[in-house]
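Since every read-out is calculated from the coordinates, none of them should be taken as a lab result. Every value quoted in this text rests on a predicted model; they were computed, and no experiment measured them.
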Amino acid sequence: MYGDPETVRKILTALGDTWAVVGLSSNQRRAAYGVAEVLQRFGKRVVPVHPKAETVHGEKGYASLADIPFEVDVVDAFVRSDLAGEVADEAAAIGAKAVWFQLGVVDEAAYERTRTAGLSMVMDKCPAIEIPRLGPAGRIG
């Protein structure tokens, strides 16, 4: 329901390659660190967004989405569900094309607001799991 195959494919292949990863820090034990590494291997530019604004995987970090001085295509949220709606609203405010909520992150009201604002959105899925499933034609299979 929150991530039909066509929307997943569109976000991963057609909406652009600059991903702001909210919650990404230099802590290698956190899921965000590994997922960002996978996204980079598949050609995505990963921009860390974390209060510490650390450089991660060679990319300068920013304390907030609003601080990023260039266009962001997709906002990937590694936050608790009760904080996810704010991230989605900020993504829309900065002109992102899509929002991705990680496994376990669900906010139905944010999903509706984000879709109504014209952004593509996936919830409760992991791009590091989905992107390797894309075949040569960009289809999930």
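Under the classification rounded if a/c is under 1.5, otherwise prolate if a/b is larger than b/c and oblate if not, where does segment 26-102 fall, given a ≥ b ≥ c as square roots of the Cα gyration tensor eigenvalues? It would help to have the intermediate numbers written out before the result.
Values: a/c = 1.41, a/b = 1.27, b/c = 1.11.
Since a/c stays below 1.5, the shape of segment 26-102 is classed as rounded.
What is the Cα coordinate range of the chain on the first, second and third principal axes, sorted by size from largest, in whole angstrom?
Extents along the principal axes: 36, 32, 27 Å.
Kindly work out what percent of the DSSP beta bridges joining two residues of the chain are antiparallel, to the nearest 5.
If I count the DSSP bridges inside the chain, around 10 percent turn out antiparallel.
Using θ = phi - 60° and the Karplus form 6.51 cos²θ - 1.76 cosθ + 1.60, what ³J(HN,Hα) does each residue of segment 96-102 get, whole Hz, x for Gly and Pro?
Once rounded to whole Hz, the list reads 4, 8, 7, 10, 10, 9, 5.
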